[in-house]
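Below: one structure, written as structure tokens.
The values are calculated or read from the model by the stated rules, or taken from the named source; none is laboratory data. These figures come from a predicted structure and were not determined experimentally. Here the Cβ is made from the backbone with ideal geometry for all residues, glycine too, and neighbour counts use every protein chain on show.
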Amino acid sequence: MSASASQGRRLNLVPLDQRHGLGGKVIGVANAGPATRIGISLNDCRYHLNVLGPTGTGKTTLLMNMILADIEAGRGVAAFDPAKGDLIRDLLDRMPKAAGDRLVLIDPDERHAPPAINLLDPAVHGGTPHDVAANLTSVMSKVWARWWGHRSADLCYHALLTLAHLEGSTLAQLPRLLSDTAWRTARVKAVTNALKAWEGNTLGEFWEGFDGLPAGQRAGLTAPLLSRLRLVLAHPMANSLFGVPATTFSFADILDGGVLLCRLPKGVIGEDGTRLIGSLLLAGLWQATTVRARIPEHQRLDCAVVLDECHNFLHLPIGIDDALAEARGLHTSFVLAHQYLGQLSGEMVEAIDANARNKIYFALAPRDAVDQARHLRPYLDDGDLIRLGGYEVVLRPVANGRVVPPATADTEPPPPPIKGRSEALRKAARKQTGLSHKHRRELLGTAVTVTASTETEPATPVPVPDLVGRNTFATAGEGSNETPHEPSNEESNEFSNESEDSFDPTPYNTPSAHVNGAEEVW
């Protein structure tokens, strides 16, 4: 399978005339007055929804029911689960079997034919190599803000730009570009020779300045990025997803009716892995969302992006407030769920408070109840929020674009699991968007890039094609291409636990990268 062939694959979406349930999303059954099912209309869902509830109150069940409703109606939905992964597993046990034809499943438990997406391919995002480099650099800078500075951004941007200009390059090759001098020199030469004089000279001058630095300073500059990126890419899931020059699904298809389920448990792939993988995928969805501005509004299909523990993923290339405001007109609604306000940064709190105008509260801790009661007065107060029972919520919705008085409700139980459904859906997802190990070896040119824990049988090495390098890092004396002046990976890791601010601040000669319910019955 060629990279281009895999990029042309499309999900089997539900035809528009067969979609249903366009009236809205049910939240629960009112428990004050008539026992009426209440919810939020589809148009008003575009004002986004903030779901706030501590663990054990019923938040996951509500999210599952909302996602199932979107899937059954044929609408697009993307769900991100960073905790134990129970939300995604429960969904797979209950989803319609027909949904397998439009399912993309990203799960560390998928070892047979995981999906793949080449984030460095400009065609994936519909942009230029500069767009790819700027967007990915922005995401990484926010995920790793504690260790990130202008020099890390400068280095990351130019390294990603170099790779994005080379067909067949992947994110998994970024560490090698920064640590292997001979490999880097060959790629930089290929890029600068192919580019126009001004652009090629600019990129070439950056690398000339970098290579002219003492080895220790190069190691210091690359350490904040390499020490964390290697940790993420070392996991088989990340390598399988980002490590091959192929793309087996389209973010645009997800928005137009596909189902993207991202199971990203921190206990399996690590906190850095959860945050980076999820944030990169969300950024890809966002880029596809912005492209919708090119089509008339009446042709934009509604899609929901559901982020459980949302603070792990809100690292978009633009501000959260701007993203939420723009997404409404592009018919992409966000469901932002978390346990308590202290999980969010100040920027996130303000953006969600102002732009996620639909609110759902489960029983809250006193501090959060006092803060959020301002959205409910004069109808309810903080004591009402504290005294809510299990699976009981306060819904403060938007109706016809206007905030209306809150209502209390009991959320509905999920449908029962269906025996064998999960495995049937997994098989369908493999067939539709999976990439077999055989095809991975053909694309990569070497079996060692496919990690042992995802292999079902021993691999047979094949020759390495030009410009598609191995995503492994040989040490000195073991076939390394490093020059005597380039520090080994082990030496570079001496800097891995330090901020870049602790290094020699002497700049090198290169330009810097500049990088938004009434009760409704249906």
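Observations on the structure shown:
- Residues satisfying the stated conditions in region 59-73, i.e. surrounded by fewer than 22 Cβ atoms within 10 Å (Cβ to Cβ) and over 20 Å from the mean Cα position of the chain (by Cα): THR61, ASN65, LEU68, ALA69, GLU72, ALA73
- Residue within region 271-286 that is under 21 Å from LEU105 (Cβ atoms), of a type in the set (D, E, K, R) and assigned to a helix (DSSP H, G or I) present: yes
- One residue stands out among those in region 246-267 that are of a type in the set (A, V, I, L, M, F, W, C) and assigned to a loop (DSSP other than H, G, I, E, B): the one that is farthest from the chain's Cα centre (by Cα), which is ALA246.
- Single residue of ARG328, ARG374, ARG367 found to be closer than 28 Å to ASP410 by Cβ, out of contact with any helix residue (DSSP H, G or I) (no Cβ under 8 Å at 6 or more places or on another chain), not in a loop (DSSP other than H, G, I, E, B) and not polar (S, T, N, Q): ARG374
- Residue within region 411-418 that is under 22 Å from SER41 (Cβ atoms), in the same structural domain as ASP93 (by TED's automatic domain parsing) and modelled with pLDDT of 95 or more present: no
- Filter result for the condition that a residue is in the same structural domain as TYR157 (by TED's automatic domain parsing), in a helix (DSSP H, G or I) and at pLDDT 90 or above, over GLY200, GLY204: GLY204
- Criterion violated by GLU392 - all others in (1) buried (at least 18 other Cβ atoms within 10 Å of the Cβ); (2) farther than 24 Å from ARG37 by Cβ satisfied: (2)
Yes or no, residue by residue, for (1) in contact with a Gly (Cβ under 6 Å, 6 or more places away or on another chain); (2) at pLDDT 95 or above; (3) not acidic (Asp, Glu):
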site: ALA223; (1), (2), (3): no, no, yes
site: LEU231; (1), (2), (3): no, no, yes
site: PHE251; (1), (2), (3): yes, yes, yes
site: VAL259; (1), (2), (3): no, yes, yes
site: ARG263; (1), (2), (3): yes, yes, yes
site: LEU276; (1), (2), (3): no, yes, yes
site: LEU282; (1), (2), (3): no, yes, yes
site: TRP286; (1), (2), (3): no, yes, yes
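- Of all residues assigned to region 69-88, at least one qualifies as being within 19 Å of PRO265 (Cα to Cα), modelled with pLDDT of 95 or more and part of a helix (DSSP H, G or I).
- Enumeration of residues in region 181-197 that are in a loop (DSSP other than H, G, I, E, B) and either surrounded by 15 or more Cβ atoms within 10 Å (Cβ to Cβ) or on the phi > 0 side of the Ramachandran plot (or both): LEU195
- GLU423 falls short on exactly one of the conditions (1) part of a helix (DSSP H, G or I); (2) in contact with a Gly (Cβ under 8 Å, 6 or more places away or on another chain); (3) outside the structural domain of LEU260 (by TED's automatic domain parsing), and that condition is (2).
- Residue satisfying condition, being touching a Gly at 6+ places or on another chain (Cβ under 8 Å) and more than 19 Å from ALA238 (Cβ to Cβ), within set ALA98, ALA73, ALA134, ALA123: ALA73
- Filter result (touching a His at 6+ places or on another chain (Cβ under 6 Å) and not aliphatic (A, V, I, L, M)) within region 107-162: PRO129, LYS142
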